[in-house]
Every structure is written in C-alpha cells, then in structure tokens.
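The values are calculated or read from the model by the stated rules, or taken from the named source; none is laboratory data. From a predicted model like this one, the values you see are computed outputs, not experimental measurements. Using ideal geometry, Cβ is built from the backbone for each residue, glycine included, and neighbour counts are taken over all protein chains shown. Note: accessible area is taken over every heavy atom of the protein model, side chains too, but ligands, DNA and RNA are not part of it. Shrake-Rupley method; radii C 1.70, N 1.55, O 1.52, S 1.80 Å.
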Amino acid sequence: MTVRTPDLPARIASLVEDYREHADVVRLHQEVRDAIDGATPDALTIAAEPYRDDPHVAGTIYQRIVELQPENARALVILANAWWLGGRGPDAVGELATRAIAADPANRGGWHLWALSESNPRQRTLRWQQVARRFPEDELAVANVADNAAAVAGAEHDYEMLDLAVETYERLLTTATRQEQRDALETALKALRGWKF
C-alpha cells in the first residue's frame, strides 16, 4: 500500500491532536507507524517537518526514514536528536551520530550529537575540541569546549582544564559582537581566573 502524499500530513496532524486528548504515547507511536506504512521517504519528511521538536512524532517517522535510507545523514541526525530529547540515552544517540558522520563527514549536526552523547565529562571535552578544530567558525562547539573544560576543572581540580576553559572563553570574547554575550564571557572569565584549588 502506498500512502498518498497530500493525505499523510493531515493524518499525522490528526493523530497528534488526538494524542493531546488521550496522552497515551504508546498508542501514538503505533498509530503513527500505521499511518506512515508504505509512504516514501520524501512524503515522510514532509509529514514530519512540523514535529521536528516532538521526539515522539519525529522519532517514529525518522526511524522509518532511516530504515529506508540508512545512509541519509540528515535523517540520522534528526532521529538522533529526537532520541536525545526523548531520553533514549547516550549510547543509542552516539551510534546514530557516528553513522551520520560516516555518511557525511561535513554534517555538523552529527558531530555535535557525537560530542554531546559522550557521558564522560573529560572525554566529552576532548570530543568538543575535535569538533571545534574541524569547524573553526562553529562558536557553539567552541563554547562547549569552554563550558565542559570549566566543569571538569571544577569537579577534578584540574589546572590544565582550567587553563583550557580560560583560553577558550578568551577566544570567544575576541569574536563576541553582542554586549550581553561579552558581559557573560567577562563574568565567566573573572570567576575562572579567581579559582584556586
């Protein structure tokens, strides 16, 4: 059976509306799976788009897209994000992120989820460093290096990580354009420079 593309978005919208009444997530997952049976990846992508931030809907639809297109990096990243938001855990998310990176090494979302899914704080800092080196203009990755390094420094009384956090926040300060961003960075730097273990 092939689902006609124009009908699928309306069907998904109706299921989501019903879910708001019954709040049965297991039922929602099954109904969405039934609704998307036989749909093409393009039709699935269109139907899922309004629900990208809803892990129950996006996760179910993108799981099917990934089954149909196992090397679709964009779909892998969206599914990984849905699983992250839905609490699937770092191992499952990390596996999808790794697959996305293998399918498309330029997919920044895959790299972000790969770094985020590392549960060891020190290793997570090292992963963010790799992402920041790969994408030097990615200020979010650079900020994550600084934030994670500061967390490790505080938890482990590690002066090398403290130095890394300070250097990285200083780097961000040189490119910050908004005053509130500059103020936040200067506050963080002032605090970190005063740390003694």
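Of note:
- Single residue of Ala151, Ala146, Ala155 found to be open to solvent by less than 50 Å² (accessible area, probe 1.4 Å), of a type in the set (Gly, Ala, Ser) and either assigned to a helix (DSSP H, G or I) or more than 20 Å from Thr187 (Cβ to Cβ) (or both): Ala146
- Summed over region 86-118, residues that are out of contact with any Ser or Thr (no Cβ under 9 Å at 6 or more places or on another chain), modelled with pLDDT under 95 and within 22 Å of Ala151 (Cβ to Cβ) total 1.
- Selection of region 90-124 for residues being open to solvent by 30 Å² or more (accessible area, probe 1.4 Å), of a type in the set (Ser, Thr, Tyr) and in contact with a Pro (Cβ under 8 Å, 6 or more places away or on another chain) yields only Ser119.
- Residue in region 177-186 that is over 30 Å from Val66 (Cβ atoms) and surrounded by 17 or more Cβ atoms within 10 Å (Cβ to Cβ) present: yes
- Within region 125-143, the residues that satisfy the criterion of being open to solvent by 60 Å² or more (accessible area, probe 1.4 Å) and part of a helix (DSSP H, G or I) are Leu126, Gln130, Arg133, Arg134, Glu139, Leu140.
- Qualifying residue in region 48-61 (condition: of a type in the set (A, V, I, L, M, F, W, C) and surrounded by fewer than 18 Cβ atoms within 10 Å (Cβ to Cβ)): no
- Neighbours by Cβ (under 7 Å, 6+ apart or cross-chain): first from region 59-81, farther than 12 Å from Asp37 by Cα; second among the aromatic types (Phe, Trp, Tyr): Gly59/Trp83; Ala75/Tyr62; Ile78/Tyr62; Leu79/Tyr62
- Among the residues of region 2-35, just one is open to solvent by less than 40 Å² (accessible area, probe 1.4 Å) and in a loop (DSSP other than H, G, I, E, B), namely Val3.
- Which numbered condition Gly38 misses (of (1) assigned to a helix (DSSP H, G or I); (2) touching a residue at least 12 places away in the same chain (Cβ under 8 Å); (3) among the small types (Gly, Ala, Ser); (4) surrounded by fewer than 20 Cβ atoms within 10 Å (Cβ to Cβ)): (1)
- Of the residues making up region 62-74, one or more are at pLDDT 95 or above, in contact with a helix residue (DSSP H, G or I) (Cβ under 6 Å, 6 or more places away or on another chain) and aromatic (Phe, Trp, Tyr).
- Long-range neighbours under 8 Å by Cβ, at least six apart or interchain, first residue touching a residue at least 24 places away in the same chain (Cβ under 8 Å) and β-branched (Val, Ile, Thr) within region 92-119, second open to solvent by 70 Å² or more (accessible area, probe 1.4 Å) and assigned to a helix (DSSP H, G or I): Val93/Trp84
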